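See below for the structure under consideration.
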Amino acid sequence: MISITLPDQSIRQFDHAVSVAEVAASIGAGLAKAALAGMVADKLVDTSYVIAQDATLAIITDKDAVGLDVIRHSTAHLLAHAVKELFPDAQVTIGPVIENGFYYDFSYKRPFTPDDLVTIEKKMAELARQDIPVIRRVLPRDEAVNYFKNMGEAYKAEIIESIPADQDVSLYTEGAFTDLCRGPHVPSTGKLKVFKLMKVAGAYWRGDSKNEMLTRIYGTAWTKKEDQEAYLQMLEEAEKRDHRKLGKLLDLFHMQEEAPGMVFWHPKGWTIWQQIEQYLRTVYADNGYQEIRCPMILDRSLWERSGHWENYKDSMFTTESEKHDFAIKPMNCPGHVQVFNSDLRSYRDLPLRYGEFGSCHRNESSGALHGIMRVRGFVQDDGHIFCTEDQIQKECLDFTRLLQKVYADFGFTEIIYKLSTRPEKRVGSDEVWDKSEKALADSLNACNVAWEELKGEGAFYGPKVEYSLKDAVGRVWQCGTIQVDFNMPERLDAEYIDETSSKQSPVMLHRAIVGSLERFIGILIENYTGALPLWLAPVQVVAMNVTENQAAYVSEVTKALKAAGIRVHADLRNEKISYKIREHSVQKVPYLLVLGDKEKEAGTITVRVRDGKGGGENLPTMSLNEFISRVKDEVTAKK
């Protein structure tokens, strides 16, 4: 007898090997119809998977999060099936699941067009309605290579040839279409009901610019129509918030071909930058960090010792001088170790906290660049804490609380916490890993936050916590991190003298709150649709005259506001006041001061405050001192 233990701990017994689908049917017709896949022990499998010995089993339906991944993976194959039906000469390459959907890359004599997407999506719906069974089979590697070569699918054959010769590969067939895949997939195409093709883009085969340019088709798929509609609505809202469009509209920055992946900051954009940097500088000073500055270019030998040259050199910009190889730094940590090493350190000096607004450069592929969100030249709010093993937990706890405060000041209160634990390939003893992972977990628990463990996703040198914030439209942005590192201090000969006068390597905590300032500013722009809080707004107040008669009064008011530390602009143009108000409202200025004869004679101001709808409303007439107090209070409160 074979015993199958279900999630509710009930047991079903069978006198023969049994498939996941058969177990589902034995439970009920409804579950059999809803089944998408199965989880046997910790392995996700097709419903056709046969269980031949005692096992635990969970039937996966569209109510399970992993069920959505199965649907999206299967929809990617449905896309490829439709393309082959419509364009038989197209070759299929790869089609993975991505966040909120999937994509598939194709080689064809011409790029696909938006009109093609409409036709392909209709064909996908037709194939889904046919409820075609999806059948899995396994072939030896070499046999699978020949199979796809005979089909004319050179890319699939190349993929399989990269698999070790002694391994079998799985193929999935639906109707006349067969694809290489690990699976699992839905049992039939009829399970795929809610999907939409989104866009086309170019993509190099295997991500290498030396290879052929393929056409990538992106799509999204969901279990329920209302979920897809909500997602599409979010995308529509995100389009309105695109930081690239708002950056141009608000005259904040621009980018150009002569400096790919680099940002030209305009005066207003640089003002935002300075507000963030000076705020973070104060945070550093108030929390025991010493600000340092390290060189941007370092000798190759240091990068070899740190391990970056071996593992990261393809992403580094390099140069040569006097027969020496140098690299422009892609990260700041090796430089911080050099500052630590510049003097004899005692355990009494620890923890030692360094912070730097470090300018870094990484040779990102051109296809990965995205406005100021993904660039080649960027500045990090980078920090490194040198401490003992016993100090890890407190430092991580203090950092988490600090990060929460900073995010709240920027208007982000919903934070997602993830703890990445030891990977299979790692340095350091299990004892040290146990201690470090526990310290990180305990620090999160002490903050009373829910967190998710990502098993095996830590760096080879230590575990880490990732902090992600959620913006106004529900998008998640991973910004902050704290990583425990036993490896680099030892590789770069960092040492301190302990209580017994012995030399020890310190633990190095890599930490960042906002990460790349460029990216964080892009997130802020999109979160607030360009209408930044008063304390961050590049222009906080615009003072406007109604006629020439009030020009001197506008100048007087402007001078007083500047003296109070308020970022103010005087608009004395010979334009109608309605035109000025409309123009500065489009520029999302928080406060507009309208100064006419009545205000001039009374020594008061009329204040128009920005609302959240792109317009504004007038406040009661007030004195200039009252207004200055209001602005200062709002800036102090980070509103």
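Tabulated results
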| item | result |
| --- | --- |
| Interchain or long-range residues, amide H under 5 Å from Phe253's placed H | His266 |
| Selection from Ala637, Gly183, Ala76 lying farthest towards where the dipole of the chain points positive, charges on Cβ | Ala637 |
| Label-point gap, in nm, between Asp142 and Ser3 - each point 7 angstrom along Cα→Cβ | 4.5 nm |
| Crossing angle, helix 577-586 versus the chain [Cα axis fit, 0-90 degrees, rounded to tens] | 40 degrees |
| Loop-located chymotrypsin sites (Phe, Trp or Tyr not before Pro) in the stretch 387-468 whose Cβ has at most 15 other Cβ within 10 Å (DSSP) | Phe460 |
| Per residue Cα convex hull volume in Å³ - calculated over the chain | 227 Å³ |
| Geometric extent, Cα atoms of the stretch 422-522 - Rg, Dmax (angstrom) | 16.1, 55 |
| Sum of side-chain charges, His81 neighbourhood, beta-carbon under 10 Å (Lys, Arg +1; Asp, Glu -1) | -1 |
| Stretchable slack from Met296 to Ile98, in nm (0.36 nm times residue separation minus alpha-carbon distance) | 67.8 nm |
| Computed P(r) (all Cα pairs; the stretch 216-351; 5 Å bins; percent) | 2, 7, 10, 10, 11, 13, 14, 12, 9, 6, 3, 2, 0 |
| Of the GluC sites (Glu not before Pro) in the stretch 65-150, those whose Cβ has at most 11 other Cβ within 10 Å and which sit in DSSP loop | Glu99 |
| Area accessible to solvent at Asp314, 1.4 Å probe radius, in Å² | 130 Å² |
| Relative contact order %, the chain, counting alpha carbon pairs below 8 Å whose residues are six or more apart | 8 percent |
| Distance between modelled label sites at Asn341 and Lys425, nm, 7 Å Cα→Cβ extension | 2.5 nm |
| Probe 1.4 Å, protein heavy atoms only - accessible area per residue of the chain in square angstrom | 48 Å² |
| Net length gained if the chain between Ser359 and Arg129 were fully extended (0.36 nm per residue, minus Cα distance) | 77.4 nm |
| Nitroxide proxy distance, nm - points 7 Å out along Cα→Cβ at Ala563 and Lys639 | 2.6 nm |
| Which of Thr500, Tyr528, Asn549, positive extreme of dipole for the stretch 466-552 (C-beta unit charges) | Asn549 |
| Alpha carbon centroid spacing (whole Å) that separates the stretch 261-281 from the stretch 510-547 | 9 Å |
| Of the GluC sites (Glu not before Pro) in the stretch 478-580, those whose Cβ has at most 14 other Cβ within 10 Å and which sit in DSSP loop | Glu499, Glu575 |
| Neighbour net charge for Gly515 - beta-carbon separation under 10 angstrom, K R +1, D E -1 | -2 |
| More than 23 Å apart - percent of Cα-Cα pairs taken over the stretch 521-639 | 25 percent |
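The values are calculated or read from the model by the stated rules, or taken from the named source; none is laboratory data. These figures come from a predicted structure and were not determined experimentally. Backbone-built Cβ (ideal geometry, glycine too); neighbour counts: all protein chains shown. In case anyone asks, the SASA skips ligands and DNA or RNA and just uses the protein heavy atoms, side chains included. Shrake-Rupley method; radii C 1.70, N 1.55, O 1.52, S 1.80 Å.
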